[in-house]
Amino acid sequence: MRVALLGYGKMGKAIEPILEERGHQVVVKINSQNPLTLAQLQNVDVAIEISRPDLALQHIDLCLQSKTPVVVGTTGWYHEFDSIKKRVENENLSLLYATNFSIGVHLVFALNEQLAKWMEQFPQYNPQVEEIHHTAKLDAPSGTGITIAEGILKHLSRKSGWVNHPSEIPTELALTSVREENVPGTHSISYVSEVDTIEIKHTAHNRQGFALGAVQSAEWLVKHPGIHSMQEFLNFK
């Protein structure tokens with residue numbers, strides 16, 4: 001495949017060698033000094049969008065204009081999701097979106113929802129979510145943290161919404177964000193009672209799991225037109 005990397009920061013640089021190892025060619029590299037144009041997408045088989053929230057919609061739009069399949073890992077554009085979805089479906093285009101490309105994280109998503117279902121009948125347990133990332137991460141909370149929080153809210157009726165700070169209000173789900181040097185990403189879900197704590201935790205040791213998942217998603221997307229989530233690609237039952 002001829003690939004456009006829309007974002008050439010730490011993640012883009014982790015994705016590039018995996019693409020090359022799997023026989024693909026990076027033909028476009030976009031960073032803040034090299035903005036994306038339609039002309040750059042003319043000879044591209046698939047784009048991987050891992051830039052910044054303020055650039056994601058522009059990049060998605062250019063990919064859809066050029067009919068370039070695009071894998072989107074950047075968050076911050078989901079307020080436009082319905083219109084993007086309609087456009088992809090109406091024009092028979094291809095887009096895969098994910099808040100995280102790590103297979104391990106998606107296993108945690110599934111475990112998180114199952115545990116929330118069980119916890120509906122145990123009100124003595126209070127859930128909380130924490131996400132820790134490197135200091136260069138621009139968004140807080142992380143998209144992965146939000147996905148985890150929404151997975152809990154889907155099944156736990158005693159919580160009405162999440163807040164991005166510690167909270168003692170019973171109906172609020174606390175989703176706290178911590179920024180530390182050299183942390184690829186750590187996410188934890190805790191259920192705390194007076195007698196014990198139950199915890200699910202995912203700790204990324206490096207960016208390789210995210211990078212490989214992004215590449216595998218791109219390989220899959222070029223053969224599956226439409227709009228897809230990471231769960232569809234992984235086909236978890």
field: Fewest-first sequence of 230, 11 by Cβ atoms within 10 Å of each Cβ
entry: 11, 230
query: Just how large is the dipole of the range 160-219 about the Cα centre, in debye to the nearest 20, putting +1 at every Lys and Arg Cβ and -1 at every Asp and Glu Cβ?
result: 280 debye
field: Mean separation of Cα contacts under 8 Å, 6 or more apart, over the residue count of the range 103-203: relative contact order %
entry: 35 percent
field: Net dipole in debye of the chain [+1 Lys, Arg Cβ; -1 Asp, Glu Cβ; about Cα centre; nearest 20]
entry: 560 debye
message: Under the rule that an exposed site lies in a DSSP loop and has at most 16 other Cβ atoms within 10 Å, name the longest stretch of the chain with no GluC sites (Glu not before Pro) of that kind, not counting the sites themselves.
response: 1-90
message: Cross-link candidates for residue 159: which lysines have Cα within less than 16 Å, leaving aside residues fewer than 8 places away along the same chain?
response: 117
- line: Pairs over 31 Å Cα to Cα, from 154/201; 67/201; 13/223; 29/85, come to 67/201
query: In degrees, nearest 10, range 0 to 90: what is the angle between the Cα axis of helix 208-221 and the longest Cα principal axis of the chain?
result: 60 degrees
field: Listed residue (145, 11, 114) projecting farthest to the positive dipole end of the chain, Cβ model
entry: 11
message: Suppose only helical runs count, i.e. DSSP H with n ≥ 4. What mean residue ellipticity at 222 nm does that imply for the chain under -39500 (n - 2.57) per run, divided by all residues and rounded to the nearest 500 deg cm²/dmol?
response: -11000 deg cm²/dmol
Two-decimal Rg/Rh across the range 103-203, once Rg and the Kirkwood Rh are taken from alpha-carbon atoms: 0.95
- prompt: Nearest-5 percent of antiparallel DSSP beta bridges in the chain?
  reply: 35 percent
- prompt: Excluding same-chain residues fewer than 8 positions from residue 86, which aspartates and glutamates have a Cα within less than 15 Å of its Cα?
  reply: 61
- line: Between the alpha carbon centres of the range 135-206 and the range 19-78 the gap in Å comes to 29 Å
task: Putting +1 on Lys and Arg Cβ atoms and -1 on Asp and Glu Cβ atoms, find which of 173, 216, 28 reaches farthest to the positive end of the dipole of the chain.
output: 28
statement: Between residue 2 and residue 153, the FRET efficiency computed from the C-beta separation at R0 = 30 Å comes out, to the nearest 0.05, as 0.15
query: Which value, in debye to the nearest 20, gives the size of the charge dipole of the range 103-203 about its Cα centre, when Lys and Arg are +1 and Asp and Glu are -1 at the Cβ?
result: 240 debye
- prompt: How big is the shadow of the Cα convex hull of the chain, averaged over all directions, in nm²?
  reply: 13.3 nm²
Mean Cβ neighbour count within 10 Å, used as a protection proxy, ranking 62-73, 137-148 highest first: 62-73, 137-148
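Readers should treat all values here as calculations from the given coordinates under stated rules, not as data from a laboratory. Just so you know, these numbers come straight off a predicted model, no measurement behind them. Positions of Cβ are generated from backbone atoms using ideal geometry, with glycine treated the same way; all protein chains shown enter the neighbour counts.
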